[in-house]
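What follows is a single structure, written as structure tokens, with notes after it.
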Amino acid sequence: MATPAAPAPVDVDFVIQFESGLLCEDEVVRGFQALIDSGAVWHLQGAYGRLATHLLQAGLCVVPGQPSVCDGC
């Protein structure tokens, strides 16, 4: 029987700074993009997944492997 894959590690410093309100919008978007890229965002509290979904729908973050509107910027 195969062992399920472990969730990707989470950047705890990012989470602490985000929860403390210490990040500007660009830092939040970059941090969430990293969480989306690793897949870790889907293993965190529901609010993280909801915000990630909002950022994806708004075009501020992209699904890994999908072209970004800024590719080649």
Can you compute 3J(HN,Hα) from phi for each residue in the stretch 48-55, using the Karplus curve 6.51 cos²θ - 1.76 cosθ + 1.60 with θ = phi - 60°, rounded to whole Hz and x for Gly and Pro?
5, x, 5, 5, 4, 4, 4, 5
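Among E19, E27, rank each residue by its count of other Cβ atoms within 10 Å, from fewest to most, as a rough exposure measure. Let's see the in-between values first.
Details: E19 9, E27 13.
The fewest-first ordering by Cβ neighbours comes to E19, E27.
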L44-L22 FRET efficiency (beta carbon distance; Förster radius 25 Å; 0.05 resolution)
0.90
Listing C61, C24 from the residue with the fewest other Cβ atoms within 10 Å to the one with the most, what is the order?
C24, C61
Label-point separation (nm) for V12 and T53, each offset 7 Å from Cα along Cα-to-Cβ?
2.9
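Read-outs throughout are calculated quantities, based only on the coordinates presented, and are distinct from any laboratory measurement. A quick note: this is a predicted structure, and the numbers were derived from the prediction, not measured. Glycine also receives a Cβ, built like all others from the backbone with ideal geometry; neighbour counts cover every protein chain displayed.
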